[in-house]
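One structure below.
The values are calculated or read from the model by the stated rules, or taken from the named source; none is laboratory data. Fair warning: this is a prediction, and the values are worked out from it, not measured in the lab. Methodologically, a virtual Cβ is constructed for each residue, glycine included, from the backbone with ideal geometry; neighbour enumeration extends over all protein chains shown.
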């Protein structure tokens, strides 16, 4: 989860800043090719065995004419996945009146929206921006925020159905969620209803750090669940090797929401293309830097395909 900001040396506040519960990126427009200190930490967003999502975000910026090291500089900070730090980070960016805040998940997007109603915000979130209060509608966001919604939070029932097809004998299925996730209740409710409709006993476990993930798996084993749905959450994504390793150790068939879990050894995944979502977010940020208004010129983008 993160925000990004760009600033102009010409005096205008042309900026993208990135904050995440795990990281913060600051991006500045500059004349010449100088790179700000800290701009070499892009590897912090490197996926294990996959492409750099930050690199894909930069690709979107490049499509709008902004190239790191030439007219864009990116700095990094991190908040260690501590959601409570987001409000302070967002408030700092709002005080600096950056040109655009790019919030790359729901918690930072909500923190940014709470911090400012004037600084443009480009979000990339797994949830419905209308339900979260980030936009009035998808076609006309109606405020200072727009972006990409890849709707992982709405895919729980579909993931449950696919898992049941793979493990038809499953009568008790686990659902692991992060209680601190902004959309946890809505996502959980949809899966609970879907489980009830197909006669599955759903066991919900919560985890918000590595130790609690271990405890959650212990509870799943104690309750003799037959399979597991892992809910959408950036902390889970960052701990995907731990989660897939535990699922394999306990011989627990599990479905995830990003292909990166499968690359880390997970059984199967069903979700949208995260690289494309990062690229589109970079494109939107670049368009706003060029002068487009999120209130009147941009619409909330949703995925047209899903990866399985």
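Working carefully through the options 147, 143, find the one that is part of a strand (DSSP E or B) and either in contact with a helix residue (DSSP H, G or I) (Cβ under 7 Å, 6 or more places away or on another chain) or closer than 14 Å to residue 288 by Cβ (or both). On inspection, the qualifying residue turns out to be 147. Being surrounded by fewer than 16 Cβ atoms within 10 Å (Cβ to Cβ), on the phi < 0 side of the Ramachandran plot and at pLDDT below 85 is a condition met by at least one residue of segment 123-133.
Taken as a whole, the condition of being under 18 Å from the mean Cα position of the chain (by Cα), over 19 Å from residue 107 (Cα atoms) and modelled with pLDDT of 90 or more does not apply to residue 247. Counting only strands (runs of 3 or more DSSP E) that fall entirely inside segment 153-258 and contain at least 3 residues that are outside the structural domain of residue 85 (by TED's automatic domain parsing) and buried (at least 20 other Cβ atoms within 10 Å of the Cβ), the qualifying elements are 172-177, 227-230, 254-256. If you go through segment 156-186 and keep only what is modelled with pLDDT of 85 or more and under 15 Å from the mean Cα position of the chain (by Cα), you end up with 177, 178, 180, 184.
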